[in-house]
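Below you'll find the structure I mean.
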Amino acid sequence: MTQSAAVQKPPATPRRLDPEDAQHALAEVQERLRRQQLVADLVHRQEEGDSKASLVEDLVHRQHEAELKTLLDGLHPADIAFILESLPKDERQAIWKLVSPEHDADVLLEVEDWVRESLIEAMDRQDLVAATGNMDADELADLAPDLPPDVVAEVQKGLTEEERAQLLEAMGYPEDSVGAIMDFEMVRVREDVTLEVVLRYLRRLHELPDHTDQIFVVDRQDKLQGILPLSKLLVSEPETEVRAVMNSDFLTLNPLDSDADAAGAFERYDLVSAPVMDDQGRLIGRVTIADVVDVMREDSQEQALSRAGLQEEDIFAPVSTALRNRAPWLLFNLCTAATASFVASQFEGTVSQIVILAFLMSIVAGIGGNSGNQTMTLIIRALAMGRITGRNLWQLVKRELFVTLMVGLCGSLVAALFAWVISHSVSIALVMMAAMVCNMLVGASVGVLVPMVRARFGKDPAMGSSVLLTFATDSLGFFIFLGLATIFLL
């Protein structure tokens, strides 16, 4: 056997990406926890002081813990984070204690904020310092708000002057800004060196920073002069100077830019990374596609919750916490529903004489709400993408009203036919048709106005929008339908 054959390593086994892997692992963790609890319950039914039963429980408990630890050690930190987010607090902390310390930092960065707080509570000071001691400045800045101040101070002692300055800088930017998500690890070169020099410099690095698709060309004051794509570096002649092949036309971000605007730029221009420059033109960091994906995911989740009037919360949070989160908008919804009922009650005489109206008015309110919801969804998305300006606002409003009118006329014909079939009255069918078109226009108007007004005052356009829309289409829908019925049918 030759020497090269003796040291030959077996081929690596590729890991196929399967989103269901984490779900299978979660199911297995839950099953092992269930078995562990079952054994504990059986032991507790034995007579107190039974040392043999206690010994059996201890052995089984250790066996289950060993199996769980083996399972967790084979998972990616993101999958571990998913499992922790899907467990009640007691089980979550029990599993967290079994996670290998080398994964602690990665898992803390992966989990949602509401889970991270409970995990940090379960860690002692020494473990926290060990988990965060090797983090980059931008990663530590993400965790700093959730860490005890003494832990942050202890970790800062182990940082270099440059890293400490970067940490303080990242912590000083607003939460939803580019500065809060930018990465400080990047490759910089001068424009007067050759590509061969750049290649030799890269070979001396232990590894390239994640998502490095371009090298930043700076002068001696760190002012950005251009960018050198790795693809151009690899295919150009080694003796060529950097200034000859670098791109001078490139997109830059400011640390105070909105992270949502940065995400829009990445989507629009298909970026992998982008430099961040201060007001003096100095390169201070970069934003990568990994940061942007996190921003997009968080914004999507927040928007979905906001439309129902909710804030992000632990799905296993105490009832009191859930009540504080959900009660305000539910109480407001109760008031709006009461208002709609009050409006309907004012037409008691009309409904008592034409009972069929009681069955039809819910259709008018429901269709108006659905139509308004379509318009509102389009407006909120357009606002998020920055596509609505003062110049195109009125044009957009007219378009939405016209589209709603056309759809309403078509749909109202079907509704009128249905009303005629069950009432055998042409008058009721015509009232139904008119009320439905009017309420759909109301829904479209509210769908445009609510997000626009909230955005105008710096509020989340999606917050409680569905509740306000329902209030308008229910109250005005009942008023329009029963009002027309009172005028034309009595």
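Bear in mind that the values in this text are calculations on the coordinates, not laboratory data. Because the structure is a prediction, the values reported are computed rather than measured. Glycine also receives a Cβ, built like all others from the backbone with ideal geometry; neighbour counts cover every protein chain displayed.
Calculate the spin-label point distance for GLU65 paired with LEU449, positioning each point 7 Å from the Cα along the beta-carbon direction, and give it in nanometres.
6.3
Based on the Cβ-Cβ distance from ALA130 to SER320, what FRET efficiency comes out when R0 is 35 Å, to the nearest 0.05? Mind dumping the intermediate values first?
Details: r = 34 Å, r/R0 = 0.96.
That pair, ALA130 with SER320, gives E of 0.55.
Once every DSSP H run of n ≥ 4 in the chain is given -39500 (n - 2.57) and the sum is divided by its residues, what mean residue ellipticity at 222 nm do you get, rounded to the nearest 500 deg cm²/dmol?
After summing the helix terms and dividing by residue count, I get -21500 deg cm²/dmol.
Also, quick follow-up: What's the FRET efficiency of VAL407 with SER300 using the Cβ-Cβ distance as r and R₀ = 22 Å, to the nearest 0.05? Mind dumping the intermediate values first?
Working: r = 27 Å, r/R0 = 1.23.
FRET efficiency, VAL407 to SER300: 0.25.
Rounded, prolate or oblate: which one fits the stretch 319-489, using the alpha carbon gyration tensor with axes a ≥ b ≥ c (rounded when a/c is under 1.5, else prolate when a/b beats b/c, else oblate)? List each step's numbers first, then the result.
Working: a/c = 2.74, a/b = 1.40, b/c = 1.95.
Because a/c hits 1.5 or more and a/b fails to exceed b/c, the stretch 319-489 counts as oblate.
Here's something else I'd like to know. Among (i) 0.97; (ii) 1.09; (iii) 1.04, only one was calculated for this model; which label is it, if the read-out is Rg/Rh (Cα atoms, Kirkwood Rh)?
Only one listed value fits the structure, namely (ii).
Apply 1/(1 + (r/R0)^6) to the Cβ-Cβ distance of PHE250 and ARG34, taking R0 = 60 Å, and write down the FRET efficiency to the nearest 0.05.
Efficiency for this residue pair is about 0.60.
Then there is this: Could you run the Karplus curve 6.51 cos²θ - 1.76 cosθ + 1.60 with θ = phi - 60° over the stretch 157-165 and give me ³J(HN,Hα) per residue in whole Hz, x for Gly and Pro?
Each residue of the stretch 157-165 in turn: 5, x, 8, 6, 4, 5, 5, 5, 5 Hz.
Just subtract the alpha-carbon distance of ARG399 and ARG282 from 0.36 nm times their residue separation and send over the number in nm, one decimal.
37.6 nm
By how many degrees, 0 to 90 and rounded to 10, does the Cα axis of helix 195-204 deviate from the longest principal axis of the chain?
Helix 195-204 and the main axis of the chain meet at about 80 degrees.
Put a dot 7 Å past each Cα toward the Cβ at LEU42 and SER258; how far apart are the dots in nm?
5.9
Sticking with the crude label model, points 7 Å out along Cα→Cβ, report the distance from GLN221 to THR160 in nm, one decimal please.
A separation of 2.4 nm, rounded to one decimal place.
So if I take the centroid of the Cα atoms in the stretch 104-155 and the same for the stretch 416-461, what is the distance between those two points in Å?
Each part's Cα centre sits 51 Å from the other's.
Under the 0.36 nm per residue contour assumption, what length would be gained going from the current alpha-carbon distance of LEU205 and ALA337 to full extension?
Between LEU205 and ALA337, full extension yields an extra 41.1 nm.
Extension gain LEU489-ALA327, at 0.36 nm per residue separation less the Cα-Cα distance, in nm? Walk me through the numbers before you get to the answer.
Values: separation 162, 0.36 × 162 = 58.32 nm, distance 4.11 nm.
The span from LEU489 to ALA327 would gain 54.2 nm if fully extended.
Does anyone have the angle between helix 259-269 and the longest principal axis of the chain? Alpha-carbon axes, 0 to 90°, nearest 10?
80
What is the list of residues in the stretch 370-391 whose amide nitrogen lies under 16 Å from a point 7 angstrom out from the Cα of GLU267, following Cα to Cβ?
Hits in the stretch 370-391 for GLU267 at 16 Å: 377-389.
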